[in-house]
1. Kindly provide log₁₀ I(q)/I(0) values, in the same order as q = 0.17 Å⁻¹, from the Debye equation applied to equal alpha-carbon scatterers of the stretch 68-172.
2. Roughly how many nanometres apart are two label points built 7 Å out from the Cα toward the Cβ at residue 234 and residue 90?
3. Could you state the angle between the C-alpha long axis of helix 186-201 and the longest principal axis of the C-alpha atoms of the chain, as a value from 0 to 90 degrees rounded to the nearest 10?
4. For the stretch 29-233, what does the relative contact order come out to in percent, with C-alpha contacts under 8 Å and a separation of six or more?
5. Calculate the FRET efficiency for residue 55 and residue 78 from the Cβ-Cβ distance with a Förster distance of 35 Å, rounded to the nearest 0.05.
6. Working from Cα positions, state the angle (0 to 90°, nearest 10) between the long axis of helix 91-105 and the longest principal axis of the chain.
7. Quick one: P(r) of the stretch 53-119 from all Cα-Cα pairs, 5 Å bins, percents rounded to integers, in order of increasing distance.
8. Note the full-extension length gain between residue 169 and residue 153 as 0.36 nm times their separation in residues minus their Cα-Cα distance, in nm to one decimal.
């Protein structure tokens, strides 16, 4: 089965997204942003809207996704997200495969784009590993930190937007055809959400992890994105 069809159900947007302010356009050039959150948070919908807005604003942007984003990474993505018939992938194997994809992505795509002054936007990054394999899976954070240091080689996001939504709303947004990670059950995904909330709580000044209220309609959530980015990079 292809992993490409296992995506969040995308709500219909009723109004056009807001335009970026001139000050925010200037501030975002050369930045590395990550869109992250639990499955069903609406992250994919907002990422598409934001990419359209920044391109309309004339900002040169490089879009990447995790796992994936390179030829090597896409093969790793298939191994990670497809259902297995005969065996179960170990948790540390899972974590290290994500890191392997990330290493290739950072070296081949992200770091060169940032050196060229482009805005880089990633669909998930190391924050997902902390939430899914760390808080929910049980791998000690110190082990994830050590693997991330090798994989990322100093390539860190300027900000990670975490789309926060209650579990019932998230579940209602998912495609009924779930990939291997999405199909892990309600208790697992409750821990995932807690992992993201722990990241937000670890950064009270909202410099690295920016909470985005994702419970509303798409245009309202998009306005929340612009608010948190303006607070972080302009004001």
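Coordinate-derived values only; no laboratory data. Everything quoted here is computed from the prediction, not taken from an experiment. All Cβ positions, even for glycine, are placed from backbone atoms using ideal geometry, and neighbour counts span all protein chains on display.
1. -0.89
2. According to this spin-label approximation, the distance is 5.0 nm.
3. 40 degrees
4. Relative contact order for the stretch 29-233 comes out at 33 percent.
5. So the FRET efficiency works out to roughly 0.80.
6. For 91-105 against the chain, the angle is about 40 degrees.
7. 4, 16, 22, 18, 15, 11, 7, 4, 3, 1
8. That pair, residue 169 and residue 153, stretches by 2.1 nm at full extension.
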